[in-house]
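Take a look at the structure below.
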Amino acid sequence: MVKHKVLSTKKLEPSLIELAQENGIEIIEQEFISINPIRNQETFDRIIGFVNDKTQNIVLTSANAVDVLNSYMHFSDTYLVADWNIFCLSGKTKEAILNALLVRKNIVGEANDATELANKIIAKGVKEIIFFCSNKRREELPAAIKKAHIKVHEVILYETSETPVGVDKDFDAVLFFSPSGVQSFFSANELNEHSVCFAIGRTTATSIATFTQNSIVKSTMPDPKKMVEELIKYFKQATTADNY
């Protein structure tokens, strides 16, 4: 029996929808952003230039960036072999790296959010880094490592576009996965006072707080599965409290 109605602002794996259903939660999915990979000769030439220059360290903070980078490793009938040290976010980004066929799995640092990852990069004492990102990447990571006098080369691998949609306000919770998704959602919607916001990480939670005073639960890891587990745990604890 469904007890709670939840909106997810991006598509989830069917197994997570089923897991929630088994625990009395109905998840309605609605995309609020679209991802458009950038695949062109100019970007490939930049990447091959970094490979040839033997630039050692890269940063990946999204699974989308990993997927596009992996496609560039075999582009225009050319295979690239890059022995990069990889700094990445935990959760789906790390999982995408481990599943990528053409990207070396040399992860030397990982963290649950961009600020923590920047601190790990700084602690490693690197002098130069390549940041593979979106056109709407957040400022926290590049700003922190530039302040530490680390040279940052940004390579935009995909474009993020907002696709706002008006939805029913009657949700017990809303799942948010990026600041862009937050911006898109609130540009067309308001929340009921009782709706709880679940954020995949610190930057997403910070973005939510600029739009609403509703309760925010931050996932302990930047991973959709962990978010759904946190969602189930939250409603179980709320139900237990109501029974006392």
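Restricted to the range 212-229, and to residues there that are farther than 22 Å from Asn189 by Cβ and either hydrophobic (A, V, I, L, M, F, W, C) or modelled with pLDDT of 90 or more (or both), the residue that is least open to solvent (accessible area, probe 1.4 Å) is Asp223. Based on this model, can you work out whether Gly181 counts as loosely packed, with under 15 Cβ neighbours inside 10 Å and either polar (S, T, N, Q) or closer than 30 Å to Glu29 by Cα (or both)? No: the conditions fail for Gly181. In the range 128-232, counting only strands (runs of 3 or more DSSP E) that sit wholly within it, the ones holding 3 or more residues that are closer than 21 Å to Asn36 by Cα and in contact with a strand residue (DSSP E or B) (Cβ under 6 Å, 6 or more places away or on another chain) span 128-134, 151-162.
Among the residues of the range 104-120 satisfying the criterion of being of a type in the set (A, V, I, L, M, F, W, C) and closer than 18 Å to Thr203 by Cα, which is surrounded by the fewest Cβ atoms within 10 Å (Cβ to Cβ)? Top of the filtered list is Ala111. Residue count for the range 130-161, restricted to those that are open to solvent by 70 Å² or more (accessible area, probe 1.4 Å) and in contact (Cβ under 8 Å) with a residue 12 or more places away in the chain: 6.
For Ser34, the requirement of being out of contact with any helix residue (DSSP H, G or I) (no Cβ under 8 Å at 6 or more places or on another chain), over 18 Å from Ala199 (Cβ atoms), free of Cβ contacts under 8 Å to residues at least 24 places away in the same chain and hydroxyl-bearing (Ser, Thr, Tyr) is not met. Close Cβ contacts (under 6 Å, 6 or more residues apart or on different chains) running from residues in the range 95-107 that are more than 17 Å from Val81 (Cβ to Cβ) to residues that are assigned to a helix (DSSP H, G or I) and open to solvent by 10 Å² or more (accessible area, probe 1.4 Å) comprise Ala96/Ala63. Each residue in the range 169-181 was checked for being closer than 17 Å to Met227 by Cβ and free of Cβ contacts under 8 Å to residues at least 60 places away in the same chain, and 1 of them qualify. Of all residue pairs spaced 6 or more apart or on separate chains, those with beta-carbon atoms under 6 Å, a first member in the range 46-57 that is in contact (Cβ under 8 Å) with a residue 60 or more places away in the chain and a second member that is open to solvent by less than 50 Å² (accessible area, probe 1.4 Å) and part of a helix (DSSP H, G or I) are Ile47/Tyr72. Go through the residues of the range 65-75 one by one and say whether even a single one is closer than 29 Å to Thr163 by Cα and among the acidic types (Asp, Glu). Checked against the condition, which is being closer than 29 Å to Thr163 by Cα and among the acidic types (Asp, Glu), the range 65-75 yields at least one hit.
When the range 196-211 is filtered for residues that are of a type in the set (Gly, Ala, Ser) and crowded, with 19+ Cβ neighbours inside 10 Å, the ones remaining, listed by number, are Ala199, Gly201, Ala205, Ser207. Close Cβ contacts (under 7 Å, 6 or more residues apart or on different chains) running from residues in the range 18-30 that are more than 25 Å from Val182 (Cβ to Cβ) to residues that are at pLDDT below 95 and loosely packed, with under 15 Cβ neighbours inside 10 Å comprise Gly24/Met1; Gly24/Val2; Gly24/Lys3.
Among the residues examined, Ile97 does not qualify as open to solvent by less than 80 Å² (accessible area, probe 1.4 Å), closer than 24 Å to Thr206 by Cα and in contact with a helix residue (DSSP H, G or I) (Cβ under 6 Å, 6 or more places away or on another chain).
The values are calculated or read from the model by the stated rules, or taken from the named source; none is laboratory data. Computed from a predicted model, the values in this text were never measured in an experiment. Methodologically, a virtual Cβ is constructed for each residue, glycine included, from the backbone with ideal geometry; neighbour enumeration extends over all protein chains shown. Heads up: the accessible areas ignore ligands, DNA and RNA and are worked out on the full protein's heavy atoms, side chains in. Shrake-Rupley method; radii C 1.70, N 1.55, O 1.52, S 1.80 Å.
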